[in-house]
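**Student:** Shown below is the structure under consideration.
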Amino acid sequence: MRAAIWPAVLVLLAGPAVAQQADEPGLKFVLEETVTLGKVVEVGKTVRGERRIIPITGGHFEGPAIKGEVMPGGWDWQLTRADGCTDVKADYFLKTDDGAVINVVNTGEICPGAAGKPAVVRTIPVFEPPLGKYEYLGRQAFIGTLGMAPAAAGPAVRIRFYQVN
């Protein structure tokens, strides 16, 4: 009896998936961060490449529906590979102006730009917000852009996050 049911279940599950058309994704701006950085800690050569870590010392962020500060104490873990590209993984916390604390793990890859031009850097952030007002951040896909902040910000990076619709 069980063997006869499984083909019917598979047809039911596959049917709607085949009939549905996926919409083309779009992007919606969520927030921009200026993240201040401390002195680079050079770990040195490892079996995986050249390792360095950079402390995250603070900063601020703002978007249409969210605003606050980057909490000090996070780290940006960087690994420069044999091909000249650098894997980045930052793990830090945001504190909104209404007191919510949100963990951000932002990963990406920085490769040398063509003909000496600056590289375009995209990142993939994962947000871990508390349940409630900012819960949507943990239920969506996002993409980020990464670049240097204006010199007046000190040693800092500017990160812009977009929700993928």
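What follows is calculated from the coordinates using simple rules that are stated; it is not laboratory data. Note that the structure is a prediction, hence the values are computed from the model and not measured. A quick note on method: Cβ atoms are made from the backbone with ideal geometry, for glycine too, and the neighbour counts reach across all protein chains shown.
**Student:** Considering only residues that are more than 16 Å from the chain's Cα centre (by Cα) and of a type in the set (Asp, Glu), look in the range 58-97 and name the one that is farthest from ALA149 (Cα to Cα).
**Tutor:** ASP83
**Student:** Taking into account only those residues within the range 144-165 that are assigned to a strand (DSSP E or B) and of a type in the set (S, T, N, Q), which is farthest from THR36 (Cα to Cα)?
**Tutor:** This residue is GLN163.
**Student:** Do any strands (runs of 3 or more DSSP E) entirely within the range 37-116 hold 1 or more residues that are within 20 Å of LEU137 (Cβ to Cβ) and aliphatic (A, V, I, L, M), and if so, which?
**Tutor:** 49-63, 66-70, 86-96, 101-110
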